[in-house]
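Reading through the structure tokens given below for one structure.
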Amino acid sequence: MGLPLHSRIRQKFKNGLNAILALLFPTHAKHETIPTEEIHRILVIRINYRIGNILFTTPLLRALEQRFPDVKIDILIGAKYPSSLLKGSENVQNVFDFPRRLLKNPFHLYRYIQQLRSTHYDLVINLNSGSASDRGATFLARGTYKLGFNSPGNWSPSTHVVNSPSGLIHEALKPLYLMEAFGNSAHDFPQKMDIALSKEEKTKGLEYLNKRLLEQGYKGEGNGQIIGMFRDARFEKKIENSWWKEWYKHMKQLNPNTLFIDILSPDVPEKLSEELYALKESNLRQLGAVLSQMDAFVCGDTGPMHLASASGVPTIALFKASAPTLYGTLGTNDRSLTLSGFTPEMIASQISDHLASLPAKAHDSLD
């Protein structure tokens, strides 16, 4: 079956616009090293509305901070709600969002473009050269240098490009290859997501976690080990509650002294079991701080999986419908497991063996 009519029309419009822009603004991008002594202010563009894709920018942000310790970074994303995840570093000055409603209001869109152009950047980085909206924002932004991936067949506003990496590369690590424009290798930098939680944030995360457990009647049971779990996911990635119940039964048998916390969401408002503790938190950065104080986090292929990994907690991701190669977890103590061919009992055994191999995490008293 072919694409729906509206999708075909949209694609034809994009192709036509791409051809017109290429004619009016020919691309003169260079495969050359950008002078690093001139880089003091950077704009990073990734107009996307999903938590995972926003977290995929963090490896590049940490690399830029390592390469240019005094740099000031602004970031342009899609939705506002995940913006706090990018504000963990003193280098990051502003995180701008691009609401979809702007496209329906030409006056507000014009004012937004004027604001975008009010700052001159030494470098503008487009993380997704295949995105028409990202290319458009890169074109409109004022910058001495504009960097992106070489994207043959697409009009490009870049002054400098690097070739996209070949082979299967995790989506969060692809942007690191843009560091080649400064004479570096992608492997010169940490190969993981990181929201740069401060020591103070982690301390407050532990205090918040302790408070929530005590409010739910925690009496000192268990050995102090805490495992979080999150059951929600999008569409075919979601794992049925019947599977989770069977998995939890075997996990509890293998880890009888462990505290399990069911992380709730608007789509999963109730605990899987009455004996579980529960936690609900809409502030994503605070949730990350809480997760960082757990011993492990188990979930499906979903945004909170990437948030947990970027917060530093050992994260075990369960893949039902997609491949972990491009979207799995990246932390040293993380694991990505495919459910196909494995029962809940077998997955519980694999996770328990993995957790037993990890160093113990010390927790403050919950009393």
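Points to keep in mind about this one:
- Cα centroids of the range 195-247 and the range 81-118: 32 Å apart.
- Student exercise, the chain dipole from Lys, Arg, Asp, Glu Cβ charges, in Debye to nearest 20: 1560
- GNM result for the chain, Cα springs below 10 Å: residue of 167, 78, 300 fluctuating most strongly: 167
- The trypsin sites (Lys or Arg not before Pro) of the range 190-242 meeting both criteria, a DSSP state outside H, G, I, E and B (loop) and at most 14 other C-beta atoms within 10 angstrom of the site's C-beta, are 219, 234.
- Test item: Cα-centred dipole of the range 14-188, Lys/Arg +1 and Asp/Glu -1 on Cβ, debye: 860
- Residues with amide H under 5 Å from that of residue 277, placed H, sequence gap 5 or more: 260, 262
- Over 24 Å apart at the Cα level, from the set 30/87; 245/361; 72/146; 104/238, are 30/87; 245/361; 104/238.
- From the coordinates shown, Cα extents along the principal axes in Å corresponds to which of [x] 68, 52, 41; [y] 81, 56, 39; [z] 55, 52, 38: [x]
- Relative contact order [Cα under 8 Å, 6+ residues apart], the range 278-331, whole percent: 32
- Sequentially through the range 36-48, phi angles give Karplus couplings (6.51, -1.76, 1.60; θ = phi - 60°) of 6, 5, 9, 9, 10, 9, 10, 10, 9, 10, 8, 7, 9 Hz, Gly and Pro residues having no value and appearing as x.
- Dividing the mean sequence gap of close Cα pairs (under 8 Å, 6+ apart) by how many residues the range 207-268 holds gives a relative contact order of 47 percent.
- Applying the Karplus relation 6.51 cos²θ - 1.76 cosθ + 1.60 with θ = phi - 60° to the range 240-251 yields 3J(HN,Hα) values of 5, 4, 4, 5, 4, 5, 5, 4, 4, 4, 6, 4 Hz, where x marks Gly and Pro.
- Amide H contacts for residue 72 (H built 1.01 Å from N in the peptide plane; partners 5 or more residues away or on another chain; cut-off under 5 Å): 41, 42.
- Karplus-derived 3J(HN,Hα), 6.51/-1.76/1.60, for each residue of the range 186-201, Hz, glycine and proline x: 4, 8, 6, 10, x, 9, 7, 8, 7, 8, 6, 5, 7, 4, 5, 5
- Taking 105, 163, 255 as the candidate residues, the one with maximal mean-square fluctuation in a Gaussian network model of the chain, Cα springs under 10 Å, is 105.
- Amide hydrogen neighbours beyond the local backbone of residue 319, cut-off 5 Å, H modeled: 337, 338, 339
- The chain: most fluctuating residue of 156, 131, 242 per GNM, C-alpha cutoff 10 Å: 242
Values quoted throughout were computed directly from the atomic coordinates according to the rules given, and no laboratory measurement underlies them. Keep in mind it's a predicted model, so treat the numbers as computed, not measured. For neighbour counting, all protein chains shown are included, and Cβ atoms are generated from backbone atoms with ideal geometry for every residue, glycine included.
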